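Notes follow the structure.
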Amino acid sequence: MTADVQTWLNKAEEDWLSAEWLLQEDSPVVTPALFHLQQCAEKLLKAYLIKCSVEFERKHDLGYLLQLTDEDALRLHEDLLDELTPFAVELRYPGDLPVISKGDARSLLARVGEFRVTLLRTIEKGRSEEPDDSGTA
């Protein structure tokens, strides 16, 4: 795996852990977790695209990024990604999105978790096909 792909995966993991932490039972906040869930999905998709040498525009549109992939397993999550996309930007301003309950946010967390596992497995399965970065076989 290239350093660039690993960097994107590391950033995605930070967002994942942030969302998990923010959605703990005793946490009083929900909205920031939604942003981190969107960011986690976005960074995972971008890591995959970089791994596959697919160029992409600097957008926060998860549907756009998904269309650039060739993995049917990822496309099964299209509805989730469409649901997450507004949390990248629109979420930052009052009144731009409806209030999301903690229960609904925790449901999104579980769904993003499934997407995360699918995408990480997809990236992992391609590892043996990649050349070793050290220059030796």
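The values are calculated or read from the model by the stated rules, or taken from the named source; none is laboratory data. Keep in mind it's a predicted model, so treat the numbers as computed, not measured. Every residue, glycine as well, gets a Cβ built from its backbone with ideal geometry; the counts of neighbours run over all protein chains shown. For the accessible areas, the whole protein counts, side chains as well, though only heavy atoms, and no ligand, DNA or RNA atoms are used. Shrake-Rupley method; radii C 1.70, N 1.55, O 1.52, S 1.80 Å.
Our summary of shape: the Cα atoms of region 20-64 have principal axis extents of 42, 17, 13 Å, ordered from largest down, in whole angstrom. Average projection, convex hull of the Cα set of region 34-114: 5.3 square nanometres. If R0 is 35 Å, what FRET efficiency do you get for I100 and S53 from their C-beta distance, rounded to 0.05? According to the calculation, E is roughly 0.45.
Given the -39500 (n - 2.57) contribution per DSSP H run of 4+ residues, what per-residue ellipticity at 222 nm results for the chain, rounded to the nearest 500 deg cm²/dmol?
Values: 6 runs with 82 residues, N = 137.
Rounded to the nearest 500, the figure is -19000 deg cm²/dmol.
For the chain, the Stokes-Einstein estimate of translational diffusion at 37 °C and a viscosity of 0.692 mPa s comes to 211 µm²/s, using the Kirkwood hydrodynamic radius over alpha-carbon pairs.
Derived from the Cα gyration tensor, the three semi-axes of the equivalent ellipsoid of region 1-80 are 24, 15, 10 Å, largest first.
Give me the percent of the accessible area of the chain that comes from carbon and sulfur atoms, probe 1.4 Å, all protein chains in place.
Values: 4070 of 7920 Å².
Answer for the chain is 51 percent, counting heavy atoms of protein chains only.
Picking from L17, S53, L65, whose Cα lies most toward the positive end of the charge dipole for region 1-101 (charges on Cβ: Lys, Arg +1; Asp, Glu -1)? Farthest along the dipole direction, towards plus: S53.
Mean-square fluctuations from a GNM of the chain, with a 10 angstrom spring cutoff on Cα atoms, peak among I100, I50, I123 at I100. Solvent-accessible surface of the chain, taken per residue with a 1.4 Å probe and all protein chains present: 58 Å². A Gaussian network model of the chain, with springs between Cα atoms under 10 Å, assigns the largest mean-square fluctuation among G95, G63, G103 to G95. By a straight-distance test (C-alpha under 18 Å), which lysines pair with K11 as possible cross-link partners, with residues fewer than eight away in the same chain excluded? Qualifying lysines at Cα under 18 Å: K43, K46, K51, K59. Inter-label distance, A110 to E78: 2.4 nm, where each label sits 7 Å from its Cα along the C-beta direction.
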